[in-house]
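A.B. asks: Sharing a structure below in structure tokens format, with a few things to ask.
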Amino acid sequence: MSTHVPTRSEAWTLLQEFNQTENLIKHALAVEGVMRYMARKRGEDEEKWGIIGLIHDLDYERYPKQHCQKTKEILTERNFPDDYIRAVLSHGWGICTDVEPLHEMEKVLYAIDELTGLVTAVALVRPSRSVLDLEAKSVRKKWKDKRFAAGANRAIIEQGAQMLEMELTDLFSEVIMGMREVAAAIGLQGEGEKA
């Protein structure tokens, strides 16, 4: 059976088939936005990186206890390429899979997944409720308060930054820049700027 290189539209349809929760969909769009931004900066395949970001948590709403494993089944049934499946599995390394992030794309996904949640939380407590005026230093300040956005696994973010050989503050900046590109879609363009 041959593999099929998915389009963004197919990935979006698949995401919506398995996810109805607004926050999970916004998270998928945030990760997609950052993955596209990071791919462009590195001269990599923006479409591929974006699609992987979009579907990385495909099974989380329906099968949280089988996270990543169900996604592997779903993507295999739909003939997704092996490298897409491997990349998705690698973001759960050490948590729910033993697939270590090796490719640059996998390392980026691993590093930014939890961080997009932290950046979202920081943006939402600001007067603007926006990523458009958010700076890395604000994220850095909240980073130190372990009770703030306690669900964002800081150990994974640190490990991801090390894999990418990036300073945390630089990683924060990159994630903010990527999220700015999808600010409207993820509800972080600010209160006064709704379209």
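A.B. asks: Find all pairs meeting these conditions: Cβ atoms under 8 angstrom apart; at least six residues apart or on different chains; first residue within the stretch 19-37 and modelled with pLDDT of 95 or more and in a helix (DSSP H, G or I); second residue surrounded by fewer than 19 Cβ atoms within 10 Å (Cβ to Cβ) and polar (S, T, N, Q).
C.D. replies: Sorted first by the residue in the stretch 19-37, then by its partner, the pairs are 25/16.
A.B. asks: In this structure, is residue 36 in contact with an Asp or Glu (Cβ under 6 Å, 6 or more places away or on another chain) and either buried (at least 16 other Cβ atoms within 10 Å of the Cβ) or more than 19 Å from residue 94 (Cα to Cα) (or both)? Outline the logic, then answer.
C.D. replies: Values: in contact with an Asp or Glu (Cβ under 6 Å, 6 or more places away or on another chain): yes; either buried (at least 16 other Cβ atoms within 10 Å of the Cβ) or more than 19 Å from residue 94 (Cα to Cα) (or both): yes.
So residue 36 passes the test.
A.B. asks: Please work out which residue is nearest to residue 159 (Cα to Cα), limiting yourself to the stretch 85-100 and to residues that are β-branched (Val, Ile, Thr) and either outside any loop (DSSP other than H, G, I, E, B) or touching a residue at least 60 places away in the same chain (Cβ under 8 Å) (or both). Break it down stepwise before answering.
C.D. replies: Quick first cut of the stretch 85-100, residues β-branched (Val, Ile, Thr) only: 85, 88, 95, 97, 99.
So of that shortlist, the ones also either outside any loop (DSSP other than H, G, I, E, B) or touching a residue at least 60 places away in the same chain (Cβ under 8 Å) (or both) come out as 85, 88, 95, 97.
Working: 85: 22, 88: 17, 95: 13, 97: 16 Å.
My answer is 95.
A.B. asks: Where residues in the stretch 18-33 are over 14 Å from the mean Cα position of the chain (by Cα) and under 21 Å from residue 188 (Cα atoms), which of them is surrounded by the most Cβ atoms within 10 Å (Cβ to Cβ)? Full working, then the answer.
C.D. replies: Initially, the stretch 18-33 is screened for residues over 14 Å from the mean Cα position of the chain (by Cα), giving 18-22.
Of the ones still in play, those that are also under 21 Å from residue 188 (Cα atoms) are 19-22.
Details: 19: 20, 20: 10, 21: 10, 22: 9.
Only one residue tops the list, namely 19.
A.B. asks: Could you list, in sequence order, the residues of the stretch 45-72 that are among the acidic types (Asp, Glu), in contact (Cβ under 8 Å) with a residue 12 or more places away in the chain and surrounded by fewer than 17 Cβ atoms within 10 Å (Cβ to Cβ)?
C.D. replies: Passing the criteria: 47, 61.
A.B. asks: With the requirement that a residue be part of a loop (DSSP other than H, G, I, E, B) and farther than 20 Å from residue 105 by Cα, what does the stretch 68-78 give you?
C.D. replies: 78
A.B. asks: Could you please find all residues in the stretch 56-85 being of a type in the set (Val, Ile, Thr) and more than 25 Å from residue 116 (Cα to Cα)?
C.D. replies: 76
A.B. asks: Working only within the stretch 102-136, note down all residues that are surrounded by fewer than 24 Cβ atoms within 10 Å (Cβ to Cβ), under 9 Å from the mean Cα position of the chain (by Cα) and among the small types (Gly, Ala, Ser).
C.D. replies: Result: 117, single match.
A.B. asks: Considering the stretch 53-82 alone, what residues qualify as being more than 17 Å from residue 17 (Cβ to Cβ), under 17 Å from the mean Cα position of the chain (by Cα) and modelled with pLDDT of 95 or more?
C.D. replies: 53
A.B. asks: Check residue 167 against each of (1) of a type outside the set (Phe, Trp, Tyr); (2) out of contact with any helix residue (DSSP H, G or I) (no Cβ under 9 Å at 6 or more places or on another chain); (3) free of Cβ contacts under 8 Å to residues at least 24 places away in the same chain and name the one condition it does not meet.
C.D. replies: (2)
A.B. asks: Going through 123, 149, 183, 161 one at a time, which residue ends up being at pLDDT below 95 and of a type in the set (A, V, I, L, M)?
C.D. replies: Of 123, 149, 183, 161, the one residue that is at pLDDT below 95 and of a type in the set (A, V, I, L, M) is 149.
A.B. asks: Mind listing whichever residues of the stretch 1-17 are over 15 Å from the mean Cα position of the chain (by Cα) and either exposed (fewer than 11 other Cβ atoms within 10 Å of the Cβ) or modelled with pLDDT of 95 or more (or both)?
C.D. replies: Hits for the stretch 1-17 are 1, 2, 7, 8, 9, 10, 13, 14, 16, 17.
The values are calculated or read from the model by the stated rules, or taken from the named source; none is laboratory data. What you see is a predicted model; the values in this text were computed from it and never measured. Positions of Cβ are generated from backbone atoms using ideal geometry, with glycine treated the same way; all protein chains shown enter the neighbour counts.
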